[in-house]
Amino acid sequence: MGSYRVCVCFQRRFKVAEAEPPSDVKELFQKYSDGGAHMTPDNFRRFLAEVQGDDVSLIEHQNVVEQVLHKRHHITKFARHNLTVDDFHYFLFSTEFNPPIGSKVNQDMSAPLSHYFIYTGHNSYLTGNQLSSDCSDVPIIKALNRGVRVVELDIWPNSTKDDVLVLHGRTLTTPVELIKCLKSIKEHAFAASPYPVIITLEDHLTPDLQAKVAQMLTKTFGDMLFCPNHETLKEFPSPEELKGRILISTKPPKEYAETVKENNSFKLEKSKDSDDDEWGKEVSTKNQNENDVGDSDPNQHSEDDAVDDLAHELCSSEAPSYKHLIAIHAGKPKGTTLKDALKVENDKVRRLSLSEQALEKATESLGTDLIRFTQKNFLRVYPKGTRFNSSNYKPMIGWMHGAQMVAFNMQGYGRNLWLMHGMFRSNGGCGYVKKPEFLMNVGPNNEVFNPKYDLPVRKTLKVKVYLGDGWRMDFKQTHFDTYSPPDFYARVGIAGAPADQIMKKTKIIEDNWIPTWEEEFTFPLRVPELALLRVEVHEYDMSETDDFAGQTCLPVAELKQGIRAVPLYDRKGEKYNSVRLLMRFEFI
């Protein structure tokens, strides 16, 4: 029983009951218990196979029954070996026993590295905004522990030009020593995933400091470093071959005197970021004009292209040991248009970087060129320079065109980052997601996938939202409303190809910590391979902005069928201890 003070003299009392099994759960229990009061382990196994699509062995499902009974009844030696309807519901509503997606690597990891989307960070050393936050190894460690596989470091000389610092150049960010970052990368690189970590270096160093960096890298990582036998690779090795390895990606060395000719102005523009606040309106399904300044933006090419034309002219001053360490060569070929830069070369593979608005512009006329390029080479997309608050852009446009490295501010916030988290829950959270076959296929006339085509519906996902629970354990009684229990509603939808994007909403359940919606939604999908199921829960507030109450994004291609317990996460992407939804997934 919970009570809320209405005024000095009165209190409103509300009963908080346990979550009741929905009618579908009761009906399934009746069916698979043959109308009895208990479900035997054999019947339970039949339910798992027929409804949940789970292929479990005799021993596995018996163990699950024992664990459910032990956890639910807290008795070491429990005489009963059958499930009641409440035990059955407890199992279904457990994120431990009955999660919505698998936790193991389930994709082919033997294809070349460029055949995968890779969990990629941008300015991985920043603790906050892009202008004045501290640089530290802490966000790098956090990202690696989350499964991020590409870490970006901006490296600059210190004031005495005898050591190397990591900082965001021409800003007020306080630096951190490169060696500290490298040691932390070594220590945490494979905590969450055994697959390779790529360090992208934004190099602003003199040749002698490049040589010093080469020493640091070889001394810190030793045999972990992957160094190609040839100056350039014809094809990248696979994630499987590169397990436990560190790869360096940067432009070939060039003289520091030339790099400092980059535009030193850091023009503060008034630009509205598209990463809308999570309390506010829904993400638009259309590409918004974000006051992009196109090619006139001084930061448009700041990360890779500013001095690429010089790279091929300065071989005589290159530091061989530093150059030898570069596994993935970056940069744009000298004096080329973007169309020329996207030409696939038979004898080498490379990495090209584009800002978010340069990519968007390229997709208008070069969509198939981008896809053909990314079948063999790396494309990295990075946030535009005006995202000072470390917000992020919509990642789908990069993925739809095969971009392997959609670089995000992992210390940022908002819905676009939730989508990134959702995409890389795929494949056991290992940081590598195999690109769909349609992005890799080449037709008989050398044609490739064209994202502009009007695509047919290929799969339909039915989602039923039964109920939610856990807020009463994770939040204070007065967190949402001072005078009454919360009024929850859920929003369910799809992020993905433009034609697939949609968001729907349940009714509001008033004054209840355990809202029961029992509502079903249908989502026709044209590109199911890239679709993410989006779920948000909000608490309705009549007088103010609705309160955020949890979110998750799940890769549709990995959803397990049947009734599942879906854990929810906070605004930063951290998992709540108890908050979860009971949902049903069906493909038709």
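Evaluated on segment 86-163, the Kirkwood hydrodynamic radius is 16.7 Å, with distances taken between all distinct Cα atoms. Over 30 Å apart at the Cα level, from the set 464/575; 104/507; 142/452; 243/560; 504/572, are 104/507; 142/452. Amide H to amide H distances under 5 Å link residue 497 with 527, where only residues 5 or more positions off or on other chains count and H is placed in the peptide plane. The residues of segment 437-582 present an accessible area of 43 Å² per residue when probed at 1.4 Å with all protein chains retained. The candidates 350, 425, arranged from most to least accessible area with a 1.4 Å probe in the full protein assembly, appear as 425, 350.
What the Cα convex hull of segment 125-191 gives, in volume per residue, is 72 Å³. Which values of log₁₀ I(q)/I(0), to two decimal places, follow from the Debye formula for segment 536-585 at q = 0.16 Å⁻¹ with a uniform point scatterer at every Cα? Log10 I(q)/I(0), no solvent term: -0.54.
Each of 248, 179 has its accessible area taken with a 1.4 Å probe; listed largest first, they run 179, 248.
Restricting the calculation to Cα atoms, every distinct pair contributes to the Kirkwood radius of segment 461-588, found to be 15.0 Å. Could you tell me which of rounded, prolate or oblate describes segment 333-407, using a ≥ b ≥ c as the square roots of the eigenvalues of the alpha-carbon gyration tensor, with rounded for a/c under 1.5 and, failing that, prolate when a/b is larger than b/c and oblate otherwise? Verdict is prolate for segment 333-407. Its alpha carbons considered, segment 177-230 gives a radius of gyration followed by a Dmax of 12.0, 35 Å. Computed over segment 345-457, the range of Cα coordinates on each principal axis works out to 46, 33, 31 Å, biggest value leading.
Just so you know, the averaged projected area of the alpha carbon convex hull for segment 453-520 sits at 5.7 nm². Rolling a 1.4 Å probe across the protein heavy atoms gives segment 65-216 an accessible surface of 40 Å² per residue. Put 54, 340, 34 in order of accessible area, highest first, and with a 1.4 Å probe you get 34, 340, 54. Overall, the accessible surface of segment 441-588 at a probe of 1.4 angstrom is composed of carbon and sulfur to the extent of 44 percent.
Within segment 472-565, the GluC sites (Glu not before Pro) that combine a DSSP coil assignment with at most 14 other C-beta atoms in a 10 angstrom radius are 510, 544.
The values are calculated or read from the model by the stated rules, or taken from the named source; none is laboratory data. Not measured: the values here are computed from a predicted model. Counting neighbours? That spans all protein chains shown, and the Cβs are built from the backbone with ideal geometry, glycine included. When the accessible area is computed, the model is the full protein with side chains, heavy atoms only, and any ligands, DNA or RNA have been set aside. Shrake-Rupley method; radii C 1.70, N 1.55, O 1.52, S 1.80 Å.
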